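Visitor: Have a look at this one.
The values are calculated or read from the model by the stated rules, or taken from the named source; none is laboratory data. The shown structure was predicted, so the numbers you read here are calculated from the model rather than taken from an experiment. Reconstructed Cβ throughout: ideal geometry from the backbone, glycine too, with neighbour counts over all protein chains shown. Please note that ligands, DNA and RNA were not included when accessible areas were found on the heavy atoms of the full protein model with its side chains. Shrake-Rupley method; radii C 1.70, N 1.55, O 1.52, S 1.80 Å.
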There are 2 protein chains.
Amino acid sequence: MISRTETPQLSLGALEDILGFHLATATVTTMDTFERHVGTPLNLRKVEYSLLLLLLANGPLAPKRLGRALALSAPNLTLLLDRLQQRDLIRRERSESDRRSHNIVLTDEGRQLAETGAQAADPMERELDSRLTRAERLMLIELLRKVAAR
Amino acid sequence: MISRTETPQLSLGALEDILGFHLATATVTTMDTFERHVGTPLNLRKVEYSLLLLLLANGPLAPKRLGRALALSAPNLTLLLDRLQQRDLIRRERSESDRRSHNIVLTDEGRQLAETGAQAADPMERELDSRLTRAERLMLIELLRKVAAR
DNA sequence: TATTGTTATACTCTATAACTATA
DNA sequence: TATAGTTATAGAGTATAACAATA
């Protein structure tokens, strides 16, 4: 059997044992499938997609909580919300209880897009079936949860 | 037992089953430990670190191969190599066999830094011991390899 | 005084097109 | 004609400091 490329495989050396390196490498794959299943067709970036799905699952949320869940700084979140608001996907409502705060609310259009996005998740994940069994996929997600900051 | 924060946990909804989301979340943890163990003390970004370790493990390599291994476009790789060269960590040597191509070679200083970086890998990974057992860590890396593009 | 969110700004990262020199 | 690498440039992504409004 001849290997696919003429050039020999690179040795990873110390990288071999570095979790972050393998996370980054695996992310190349998932970013590519995301782009094709969600990014391009729905014109959404990863964070935008995650944000819409969080609102769909939880109802209105304060920017503060969204920022923490998505690891976004306050200024960057503001800009992100600006973009989504300009597209009429969300709106900001002043909180009644604490008038410094807002509730970020999905518009009808935003909810529709979020639902479409949620439906795209399954076929997107199906693309991994050639690389991982169902059990492996579940195990992988479980292990990633343990690594994740709380 | 009272939960650490007053606010209830967010529901992930459809994100729950999306591998890319969990990869991104776990990456927050590894990026943080990388920053403290390597990024700040050695003044290296993730790609720079990976590139040096690849050279350390494989000897001189052509930019073409580095770009493929690190998922970098040619122009971005050029800029990256410029920075490393300015710091006297690498040098570019014209290839004898194909004078369009280069060999990227670690300087003595670059090799030293790469070795220091390689030694930092172990304590860095040790930080994950509170989150993952050794077996889980190995399993996780194995699963990430399967996800990774080839 | 502390907190929520915004504005302004700069810096890094990534992507694309056009170019050169070699093959 | 094709390939390796570079240059120029623009667009996303991320980080920091200063600020306004409210608690």
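Visitor: Determine the shielding of peptide B:44-53 by partner chains: average, over its residues, the number of Cβ atoms on other chains within 10 angstrom of each Cβ.
Guide: Taking the mean over all residues of the peptide, I get 3.
Visitor: What are the distances, in nm and sorted shortest first, from the label point of A:PRO41 to the label points of the same position in each other copy, with each label point placed 7 Å from Cα along the Cα-to-Cβ direction?
Guide: 4.7
Visitor: Determine the shielding of peptide A:117-125 by partner chains: average, over its residues, the number of Cβ atoms on other chains within 10 angstrom of each Cβ.
Guide: 3
Visitor: Taking the label point as lying 7 angstrom from Cα along the Cα-to-Cβ axis, what are the distances from B:ALA74 to the corresponding position in the remaining copies, in ascending order and in nanometres?
Guide: List, nearest first: 4.6 nm.
Visitor: Sticking with this one: GluC sites (Glu not before Pro), restricted to region B:1-62: which are DSSP loop and have at most 14 other Cβ atoms within 10 Å?
Guide: Here the GluC sites (Glu not before Pro) that fit, given the DSSP loop and packing criteria, are B:GLU6.
Visitor: How shielded is B:26-38 by partner chains, expressed as the average number of their Cβ atoms within 10 Å of its Cβ atoms?
Guide: 5
Visitor: Given the protein assembly as shown reduced to its alpha-carbon atoms as identical point scatterers, what log10 I(q)/I(0) does the Debye formula return at q = 0.11, 0.12, 0.14 Å⁻¹?
Guide: Once normalised to I(0) and log-transformed, intensities are -0.79, -0.91, -1.14.
Visitor: Follow-up. Let's test this: bin the Cα-Cα distances of chain B at 5 Å from zero up to the farthest pair and state each bin's percent.
Guide: 2, 7, 14, 17, 17, 15, 11, 8, 5, 3, 2, 1, 0, 0
Visitor: I would also like to ask the following. Among A:LEU79, A:LEU55, A:LEU42, determine the one that fluctuates most according to a GNM of chain A built with springs between C-alpha atoms less than 10 Å apart.
Guide: Of A:LEU79, A:LEU55, A:LEU42, the most mobile in the Gaussian network model is A:LEU79.
Visitor: Any chance you could give the angle, 0 to 90 degrees and rounded to 10, that helix B:108-126 forms with the longest Cα principal axis of chain B?
Guide: The two axes meet at around 10 degrees.
Visitor: Let me ask something else. Just to confirm a number: summing +1 for Lys and Arg and -1 for Asp and Glu over residues other than A:ALA26 whose beta-carbon lies under 13 angstrom from that of A:ALA26, what do you get?
Guide: With Lys, Arg at +1 and Asp, Glu at -1, the net is +2.
Visitor: Hey, how many Å between the Cα centroid of region A:68-123 and the Cα centroid of region B:100-137?
Guide: Using only Cα atoms, the two centres lie 39 Å from each other.
Visitor: Tally up the carbon and sulfur contribution to the accessible surface of the protein assembly as shown as a whole percent, 1.4 Å probe, everything protein left in place. Spell out each step's value before the answer.
Guide: Values: 8840 of 17400 Å².
Carbon and sulfur atoms account for 51 percent of the accessible area of the protein assembly as shown.
Visitor: Then there is this: So what is the accessible area of chain B per residue, in Å², with the probe set to 1.4 Å? Could the numbers behind the result be given before it?
Guide: Working: 8680 Å² over 150 residues.
On a per-residue basis, 58 Å².
Visitor: So how tilted is helix A:19-34 from the main axis of chain A? Cα-based, degrees 0 to 90, rounded to 10.
Guide: With rounding to tens, the tilt is 70 degrees.
Visitor: List the distances, in nm and shortest first, from the label point of A:ARG150 to the matching label points in every other copy, placing each point 7 Å from Cα along the Cα-to-Cβ direction.
Guide: Label point to label point, same position, other copies: 3.9 nm.
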